[in-house]
1. Among Asp33, Asp6, what is the fewest-to-most ranking by other Cβ atoms within 10 Å?
2. Per residue of segment 122-131, what does 6.51 cos²θ - 1.76 cosθ + 1.60 with θ = phi - 60° give for ³J(HN,Hα)? Whole Hz please, x for Gly and Pro, Karplus curve as stated.
3. Measuring from label point to label point, each 7 Å out along Cα→Cβ, what is the Asp33 to Asp57 span in nm?
4. Quote the Stokes-Einstein diffusion coefficient, in whole µm² s⁻¹, for the chain, based on the Kirkwood radius over alpha carbon pairs, a temperature of 4 °C and a viscosity of 1.567 mPa s.
5. To make sure I understand, if each residue's beta carbon is the centre and we count other beta carbons within 10 Å, what order do Ile90, Ile9 fall in, fewest to most?
6. Among the helices of the chain (complete DSSP H runs), which have Cα atoms covering no less than 24 Å along the helix axis and a Kyte-Doolittle mean of at least -0.5?
7. If neighbour count is taken as other Cβ atoms inside 10 Å, put Leu11, Leu32 in order from fewest to most.
8. Rg to Rh ratio, segment 5-67, alpha-carbon atoms and Kirkwood radius?
Amino acid sequence: MQVLLDTNILLRWVDTSDPDSAQVIAAVEHLLDSGEVLCYTSQNLGEFWNVLTRPVDRNGYGLSATGANRRARIIESRIQLIPDTPAVHIEWRNMLVAHNVCGSQVHDARLAAAMRVNGIQRILTLNTRDFARFSGIQALHPTQVAKP
């Protein structure tokens, strides 16, 4: 089965200095070893790049584009990209209205829409509550998958 990785998972998977990194790495490696197909979207990679290249004093990592690219290639080499299609856009727009989504939560709704359109039912995330409103989607915290 497929599992979408939330951006907060992708960041901690490639940054071993983060306190949640060991837990995230253990969960991702467990899923890979179990034969799960791990996925990401172009939105995930855009959010990932944004955080990596944003200045440290603005809650980013302060990396150059070269450093961000090196880390992005890790993701691209081991995880499957799910396509962004017009169907994802239509589902996302419907979900925004149906679930009264506002503010930064529009990004989570877009991931949920991509999951629905592509038949993906599970997402690995540190913020399971962000996906609770979307039926048919199971948000898994790394502690539910594997212990470091």
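1. Working: Asp33 9, Asp6 23.
Ranked by crowding around the Cβ, least crowded first: Asp33, Asp6.
2. 10, 10, 8, 8, 8, 10, 4, 4, 5, 10
3. 4.4 nm
4. Reported coefficient: 83 µm²/s.
5. Numbers: Ile90 12, Ile9 27.
Going from least to most buried by this count: Ile90, Ile9.
6. Values: long enough: none.
Membrane-span-like by this criterion, though nothing is claimed about a membrane: none.
7. Least to most surrounded, the residues fall as Leu32, Leu11.
8. Taking Rg over the Kirkwood Rh, I get 1.01.
Computed from the coordinates by the stated procedures, all read-outs in this text should not be read as laboratory data. It should be emphasised that the depicted structure is a prediction, and the values quoted were computed from it without experimental measurement. In this analysis, Cβ positions are derived from the backbone assuming ideal geometry, glycine residues included, and neighbour counts consider all displayed protein chains.
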